[in-house]
1. Could you please find all residues in the stretch D:158-189 being aliphatic (A, V, I, L, M) and more than 15 Å from ligand 2 (Cβ to nearest atom)?
2. Do we have any residue at all in the stretch A:115-127 that's within 12 Å of ligand 2 (Cβ to nearest atom), free of Cβ contacts under 8 Å to residues at least 24 places away in the same chain and of a type in the set (A, V, I, L, M)?
3. For the stretch A:115-132, which positions are facing another protein chain (nearest Cβ under 8 Å) and either part of a loop (DSSP other than H, G, I, E, B) or modelled with pLDDT of 90 or more (or both)?
4. Regarding C:SER109, is this residue modelled with pLDDT under 95, in contact with a helix residue (DSSP H, G or I) (Cβ under 6 Å, 6 or more places away or on another chain) and within 9 Å of chain B (Cβ to nearest Cβ)?
5. Being buried (at least 18 other Cβ atoms within 10 Å of the Cβ), under 26 Å from D:ARG246 (Cα atoms), more than 14 Å from chain D (Cβ to nearest Cβ) and away from ligand 5 (no atom under 16 Å from the Cβ) narrows it down to one residue among A:LEU191, A:LEU200, A:LEU180, A:LEU158; which is it?
6. Among the candidates A:ILE82, A:ILE148, single out the residue that is away from chain D (no Cβ under 13 Å) and crowded, with 21+ Cβ neighbours inside 10 Å.
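The values are calculated or read from the model by the stated rules, or taken from the named source; none is laboratory data. Just so you know, these numbers come straight off a predicted model, no measurement behind them. So basically every Cβ, Gly included, is an ideal-geometry build from the backbone, and we count neighbours across all protein chains shown.
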Amino acid sequence: MAETLLEVDGIETCYGLSQVLFGLSLKIKSGEMVALMGRNGMGKTTTIRSIMGLTPARSGAIRFAGEAVRGLPSYKIAKLGIGLVPEGRQIFPNLTVRENLVAASGNRLGASDPWTIDKIHALFPRLAERTGNMGVTLSGGEQQMLAIGRALMTNPKLLILDEATEGLAPLIRDEIWSCLSMLKGRGQSVLVIDKNVGNLARIADRHYIIERGKTVWSGTSEQLIAEPDLQHKYLGI
Amino acid sequence: MYLVVEQLLNGLQFGLLLFLLAAGLTLVFGIMDFVNLAHGSLYMMGAYFAATFVAWTGSFVLGALMALGATLLLGIVLEYVALRHLYGRDHLDQVLATFGLILFFNDAVRLIWGPAGLALPLPAWLTVPVQIIPGVYYPAYRLMIIVVALAVAAMLYLVVMRTRIGMLIRAGASNREMIGALGINIKLLFTLVFGLGAALAGLAGLMQAPILTVQIGMGENILILAFVIIVIGGIGSIRGAFMAAIFVGIIDTMGRAFLPDLLRKVLSGAAASTAAPALSSMLIYLLMAIILVLRPEGLFPAAKR
Amino acid sequence: MMPKFNASNAVAALMCAALILLPLYSAVTGNIFILTLFTRIVIFALAAASLNLIMGYGGMMSFGHAAYLGIGGYAVGILAAEGIGSGFIQWPVALAVSALFALLIGALSLRTRGVYFIMITLAFAQMAYYIASALSRYGGDDGLTVYKRSDFAGLINLSDRNQFYYLCLACLFGGLYLIWRIVNSRFGLVVQGVRSNEQRMQAIGFHANRYRLVCFVISGTICGLAGALLANNTDFVSPAVMYWTRSGDLMVMVILGGMGSLFGPVIGAIVYLLLEELLSQFTEYSGLILGPVLLLIVLFARGGIMGLLGRMRRV
Amino acid sequence: MFDSLPDPLLRVDNLVRRFGGITATDNLSMEVVPGELHAIIGPNGAGKTTLISQLTGQVMPNSGTIRFAGRDVTNLPSYKRSRLGLARSFQITSLLKDFSAIDNVALAAQAHDGHSFRFWGNARKERHLRESARAALERVGLGARADIVVSQLSHGEQRELELAVALATRPQLLLLDEPMAGLGVTESARMVALLKELRKEVTIVLVEHDMEAVFALADRITVLVYGRVIACDVPDAIRKHDEVKRAYLGEQHAVTRHG
Amino acid sequence: ADSVKIGFVSTFSGPTAVIGNDMRNSFELALDHLGRKIDGKPVEVIYEDDQQKPDVGKQKTEKLVQSDKVDFIVGYIWSNVLLASLKTAVDSKTFLISANAGPSQLAGELCSPYVFSTSWQNDQTPQAVGTYMNQKGVKSVFLIGPNYAAGKDMLAGVKSTFKGEVVGEEYTVWPSQLDFSAELTKAKNSKAESIFVFYPGAAGVQFLNQYAQAGIKQQIPLYTAFTIDELSLPLQKDNALGVPGAQQWVNDLPNEENKKFVADYRKKYPGLRPTFYGAQSYDAANLINSAVVAVKGDLTKKDAMKAEMEKVNFKSVRGPFKYGNNHIPIQNFYLQDVVKDAEGQLSLKTVATIVKDDQDRFHDKCPMK
Ligand SMILES: Nc1ncnc2c1ncn2[C@@H]1O[C@H](COP(=O)(O)OP(=O)(O)OP(=O)(O)O)[C@@H](O)[C@H]1O
Ligand SMILES: Nc1ncnc2c1ncn2[C@@H]1O[C@H](COP(=O)(O)OP(=O)(O)OP(=O)(O)O)[C@@H](O)[C@H]1O
Ligand SMILES: CC(C)C[C@H](N)C(=O)O
Ligand SMILES: [Mg+2]
Ligand SMILES: [Mg+2]
């Protein structure tokens, strides 16, 4: 089996005085695609913010690519090879589409076939049409495309997508899913949050379900599909 | 006719001097979005450093270079010790903190250099008037200010608008968290940019020192003009700041040159003498008010560049 | 609302009590100057409180608030110089002119937002400053001495230190009460909502600028009152009260004390002006202390002194 | 569904809006009749949000007219349209972040109530404002979170609050810009149920990329591509529309039927 | 009282703090010379900084009168600061001795029994310059000065005596305007035969710098009042060479008091040289001394002190002078020039006496007789 790329072990995270994560753990192996599921407000985004060091975890351990990263500033964590498509897109409004991509570009880990602006444009032709526009003027879906493109431009070892298909048209959404399958095919590790359980079950290898800041279930896609009451209990389906 | 040409040139030169000061502020305030009232103090420090180093070394150029290095360093230290904690904060917190720095620097300078102010003498080759068109002489040093300001404008525009560093600075100003999540050490970058801004303030201070002397509080009134320029031009727009600086310089100078005579035609002598300097100083603010009423985001709003 | 008991309310209550008892202290100790000093502080506290109304609650960062100090002051000064000494004329005129000026510059300035608003209000205040400097009949740059304080037909004697102090204090408390009612009223909530998210407020049916403008005018009028008091206190008005550094001082008082808290500006005014006065007593280099103190307050006390006190409740 | 369409509640004629070189709304005309739930779908960047913004007045059209309830509202500012009964939710959440959830909604109720130039009484103690705000929160499932400050609500909860705010103005026409976006599966289902209930009371225009929801809810669907209407019909017809399949739906949604 | 309390209001911060410092230095020196006692009583001096702002000066005056209850208030560099502070001092019947500022109002309608000057009335010095320009046969002049009380007095002063044509008159914003290029360009193009300026403190340095750099120095000669002094000279350097000014006191005036003053000043404050500001402050201390001694320390005898001061019963470093009805000195004015002295430093030198026993032109307007 491939080596572990990311390991989160019993982290606890708070916003000010309110604790959100209560000893959450998860693991991603190299080349694996893992989904994080749970209802609104259960702590999915917080988990990701803790991994990235944006909202540092108060206790527990986080290892990425063999290094302990809890407590490191977020840029150092990102430099180790994590690319983030954050919730709410967070593109740079005062940069053009092209500048958003260029600012992010980098191939720190020496990927053999790195992403380029042209490849992003091929993936999202809409962005090519808007290349000189300011980020702030893009439509919601265009911003989402840009956020994905920007994360890819860092050529990460681990790609994290937090609701990356929110607000995308069905066709594009399908394209993103097939793009993710394609990336997975190339050995890209992915951590994904999405509400589309059907698609996740189809392409992700393993799943974690979060409930009130703890992982309450984990297993493979087959196991997930095999236990419909699980979905009912935790995801409300 | 010569009078008008010469006054225009005075205005241009004054405007470009303002631009020099505004240039560093554009970086720190326009682009990094940090309201730094202490920019005027750095300007003052630049002048004091230059006067001190020029006196030590006996060379204008060498002393000026050392002063640039010193303000760069001072800016970096200031940022590292205090100001970096204020980036994400409300503008008004920044106002209060840097206002405190003004008070501090003014008294620190008085303690170190005394209240008298210093002189920064020019080398002989810069003190002669130059004939620019037949019959019109212009002080060589003022011409040099024009040249330096143009060079700074070009450099700044290229770095900020055309390089990846510039993009990162702009991106970091709008969303620090995200730029960190992309693997960029924004703290370090901002420290360096702040230092550069400080060095530019120092440059402005030392450039104007031979004309206006070196004294405590020299940065305060002119700082407001620098803010005026940046706002008229559109915050974050270097091109805007440049145009606005020239505009303000010329309006101000022309007002001082011609308004008194105009006023004397309508008012009594004494009333006109009192009113003229006040009203001509008012022109800049009138200009700013008019521009902002008509274009609430300045002449070149950064988003629509 | 019954105010909860916590550190900041306790300090506010103590402060009010101290302000009320101050003349007693002054009489007992024979220290007249402390009364003079606090008269000034109370007047500036009123001005700062008015600025807090638009800045702390309305999100309108006016960098030209000192203009109203000048306008209120010149209304008194000019009328006095022209032989109209009655406060029943001077003061209403001061308030009316301040309100009008606020209406005019508010209407123009509110087209802009953020730093642009800061700068356009600065521009108008500077224009007022230079216009006052241009009035050679009223002293121009050198200012205008007010030889007689406003005359209220024997009702109250402004030249009596104690009476004048209490008048100023009454104005301050009245102003604070008014502001307190306003910020909790329907109008006040709309103004604060507009500060928070203008687009949303427009979309649910509020004409944002109309509320902003009314708030701006109320604030300017209160500050105009402070200006009338100030002219009587110093027996002198000059353009300098309108200069941007004065507006900056007012801002500093508000931020120092705590923006958006009712008593914040009062504490800010007291601390700032007292520090200035005390430090200059024992060192010539007061900036070396005052400057870093301001910096430290910003770094370690978010929300100014009131913010700091507010957090003490938890510990 | 409607044999003879009643007089439209909203009528848009030849609307055009350009941004620099882009024509975001391209000579667009459409109608919304009272009581219907009218969905607008289309690829990203087709101009749906821009259209909503023109209807509610955040964006002014270059040309064309908008009539609402028999009145030309093309040049009215947004706050006036809101008072006429047009309410919207925002695709990118737009709330009063430093206010509690209930204050957000109560302010909307206050706007509908008129009389906001009251300077004296304590508005947070006005019972009818508080009560109608609480009711709107309960409706979207945020009853228990009423006193939480918005910035501390999760993304999904904020999306629900968006709707509550729009509801509290008691609109005649509710324009919803992607209300499901950011909602979890449970919450989406709850939202669909809520919209099913709401459509009995108020006319709704729904912009949404969640096709399950759209096909479950819509009476009619308008499809925008590059700012133009390429189709406007009942859901079944849209599902089969070739051009719509090609430009927007893809195959998956065209073939599978959802209830 | 068992001590003599003196309040001293001057500028101790900002660019003109040098002037305040010089005044304080000289005042302290005078106290040293008096043995730090007046009529056997210890002297307490409270220095207050007016920041060169009228409102602050007024506030500080108020503090001195109300809180410190001083017996005398001394100082005031700036006419506008003095004018703002005057009412407070006069209302409280505290003696005010202006050691510099001499606004025309003070000499005229606002004169007061409680106010004395140890300097001059603003117009007098420039009047002397105007007279000197007449002597030199200058035909026309361009006037430049700051737009405040003293600036207006100064330019009016030259105009009242100068017989040639005034081809232009420019006022600049005070004290913020530092760049005079527009005014210099106008002066140059006006074809005036001479330029007169009044720019005290650092502004004087800036003006001379810019005047030299613009190359006008070679074309149009400059006349000044209060623009070149021992404080600005080290910064003006050669730019000041050959630029004349007038003064009622110059460091080389050959009387014994002055020699002692200058020598002891240089001893007590190494590296510094006294200025007219200091000389006037030194005189102020001695004026106070004379009054207190005359009433044998009974500071309540205000009338007697006033009467004593009117007699000028002390030896001024400028040489003997008298008071006019308005308590402004009637005194000589000298032409001063910049020269290299024995130590190789630039210094000021008395060249000639321009006017003798000059009385200001506003004394008729003063109701005191
Ligand atoms: N900045 C914040 N301050 C305080 N509490 C917060 C903050 N952000 C989130 N929370 C709270 O933390 C909890 C978890 O939020 P989180 O954003 O991680 O949820 P999520 O699972 O990503 O939900 P969603 O699907 O709605 O995005 C929520 O209850 C939310 O209210
Ligand atoms: N202020 C603006 N300046 C320039 N272009 C703009 C502006 N606003 C929108 N656009 C452009 O207009 C087009 C339509 O945008 P709009 O937001 O209406 O799309 P949308 O249909 O809502 O898309 P989505 O489904 O992705 O939200 C987009 O291409 C966008 O880039
Ligand atoms: C420095 C001075 C000579 C000033 C002048 N006497 C004044 O009143 O301001
Ligand atoms: Mg989330
Ligand atoms: Mg949209």
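1. Answer for the stretch D:158-189, where residues must be aliphatic (A, V, I, L, M) and more than 15 Å from ligand 2 (Cβ to nearest atom): D:LEU161, D:LEU163, D:ALA164, D:VAL165, D:ALA166, D:LEU167, D:ALA168, D:LEU173, D:LEU174, D:LEU183, D:VAL185, D:ALA189.
2. no
3. Matches in the stretch A:115-132: A:ARG130 only.
4. When the stated conditions are applied, C:SER109 does not pass them.
5. Every option except A:LEU180 fails the conditions.
6. The conditions single out A:ILE82.
Matching residues to (1) in contact (Cβ under 8 Å) with a residue 40 or more places away in the chain; (2) over 30 Å from D:VAL223 (Cα atoms); (3) within 16 Å of ligand 3 (Cβ to nearest atom):
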| position | (1), (2), (3) |
| --- | --- |
| A:THR165 | no, no, no |
| A:ILE176 | no, no, no |
| A:LEU200 | yes, no, no |
| A:SER221 | no, yes, no |
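To keep it simple, each residue is scored yes or no on (1) within 11 Å of chain B (Cβ to nearest Cβ); (2) surrounded by fewer than 23 Cβ atoms within 10 Å (Cβ to Cβ); (3) of a type outside the set (Ser, Thr, Tyr).
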{"residue": "C:VAL217", "(1), (2), (3)": "no, yes, yes"}
{"residue": "C:GLY224", "(1), (2), (3)": "no, no, yes"}
{"residue": "C:ASP235", "(1), (2), (3)": "no, yes, yes"}
{"residue": "C:MET242", "(1), (2), (3)": "no, no, yes"}
{"residue": "C:THR283", "(1), (2), (3)": "yes, yes, no"}
{"residue": "C:GLY291", "(1), (2), (3)": "yes, no, yes"}
{"residue": "C:GLY307", "(1), (2), (3)": "yes, yes, yes"}
